[in-house]
Amino acid sequence: MKKVNILKPVLVSNKERASQNKKFFNDLGAFVINIIASPGAGKTSVIERIIQYFEAEKILVIEGDIRGQTDSERLRKTHADVVQINTLTECHLDAFMIAQVLPEITQPYDIILVENVGNLVCPAEFEIGEDFKLAILSTPEGDDKPIKYPLLFHLAAVVVVNKSDLLPHVDFNVTHAKDNIEKENKRARVFTVSAKTGEGFDPLCTFLAKKVDGKKKNKN
Ligand SMILES: Nc1nc2c(ncn2[C@@H]2O[C@H](COP(=O)(O)OP(=O)(O)OP(=O)(O)O)[C@@H](O)[C@H]2O)c(=O)[nH]1
Ligand SMILES: [Mg+2]
């Protein structure tokens with residue numbers, strides 16, 4: 001029996017739509033970060049800390065969840081604007097879902113943070129027009145995840161090891177995690193943080209600020 005591979009055409013058309021989204025974001029001058037991690041790794045908590053650091057910047061969060069608005073409600077307490085996407089049955093955001101909210105973006109933003117659906121696998125397969133992917137690995141998940149779920153760690157420009165405050169209580173070795181990330185991706189920048197205590201956010205946000213400024217200069 002002939003096997004038909006339908007995944008590839010889907011990804012090809014997604015890539016084309018992602019390029020159009022990217023052009024939209026570039027025209028806006030916004031630096032776009034696609035934030036991907038397992039459920040509960042701390043995506044929203046990390047986003048809250050990043051928003052806190054960039055108090056003078058105009059920020060939009062595109063919040064992706066299968067259902068509900070809980071994270072949007074949390075983020076609306078910050079100075080960022082928030083747009084919610086409910087994917088209903090899909091375990092990831094794709095470029096066409098992002099395209100549907102572009103008409104709602106009617107003012108310029110410095111930074112657009114996209115919280116993808118909690119999942120370590122599918123979101124990595126779909127470009128959405130981002131500048132880069134930021135993966136979060138939380139310490140209770142284990143330091144072996146980069147080798148078991150390689151695609152995300154292969155593609156991520158930045159890997160944030162979150163929940164460092166739990167290190168004394170969990171079986172997670174930061175050096176092993178970094179080695180495992182490096183096996184997949186030698187260029188990834190790794191930052192160890194605690195969204196609970198705020199530790200480690202200065203170096204991460206200083207790095208992000210350079211990227212945001214670089215994009216602004218490109219636009220001017
Ligand atoms: N101890 C500790 N807990 C954290 C940290 N970051 C987040 N949490 C907690 O972990 C839980 C999940 O955090 P969220 O930020 O909601 O995680 P998420 O990845 O956005 O979750 P989903 O959107 O549901 O996939 C919450 O109870 C947070 O308070 C951290 O650095 N240390
Ligand atoms: Mg969340």
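The values are calculated or read from the model by the stated rules, or taken from the named source; none is laboratory data. Predicted, not measured: the structure shown is a model, and the values here were computed from it. Cβ coordinates were reconstructed from backbone atoms using ideal geometry, including for glycine residues, and neighbour counts include every protein chain displayed.
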Mind checking which helices (runs of 4 or more DSSP H) fall wholly inside region 125-220 and carry at least 3 residues that are closer than 18 Å to K43 by Cα and touching a helix residue (DSSP H, G or I) at 6+ places or on another chain (Cβ under 8 Å)? 150-155, 201-219
Which is of a type in the set (D, E, K, R), within 14 Å of ligand 2 (Cβ to nearest atom) and closer than 22 Å to L120 by Cβ, of E90, E63, E73? E63
When you look at A30, is it crowded, with 21+ Cβ neighbours inside 10 Å and within 14 Å of ligand 1 (Cβ to nearest atom), yes or no? no
Being crowded, with 19+ Cβ neighbours inside 10 Å, closer than 25 Å to K215 by Cβ, within 11 Å of ligand 2 (Cβ to nearest atom) and of a type in the set (D, E, K, R) is the requirement here; does E127 meet it? no
Is one or more of the residues making up region 61-70 farther than 17 Å from V101 by Cβ, surrounded by 16 or more Cβ atoms within 10 Å (Cβ to Cβ) and modelled with pLDDT of 95 or more? no
Could you list, in sequence order, all residues of region 146-178 that are in contact (Cβ under 8 Å) with a residue 60 or more places away in the chain and over 13 Å from the mean Cα position of the chain (by Cα)? N162, K163
Name, by its number, the condition in (1) surrounded by fewer than 19 Cβ atoms within 10 Å (Cβ to Cβ); (2) part of a helix (DSSP H, G or I); (3) among the aliphatic types (A, V, I, L, M) that does not hold for I50. (1)
Taking F172 as the residue in question, decide whether it is under 28 Å from I128 (Cβ atoms) and either within 16 Å of ligand 2 (Cβ to nearest atom) or surrounded by 15 or more Cβ atoms within 10 Å (Cβ to Cβ) (or both). no
Of all residues in region 40-61, which are hydrophobic (A, V, I, L, M, F, W, C) and within 13 Å of ligand 1 (Cβ to nearest atom)? A41, V46, I47, I50, I51, V61
Return the total of residues in region 112-124 being assigned to a loop (DSSP other than H, G, I, E, B) and crowded, with 23+ Cβ neighbours inside 10 Å. 1
Given the condition assigned to a helix (DSSP H, G or I) and surrounded by fewer than 17 Cβ atoms within 10 Å (Cβ to Cβ), answer yes or no: does some residue in region 79-98 qualify? yes
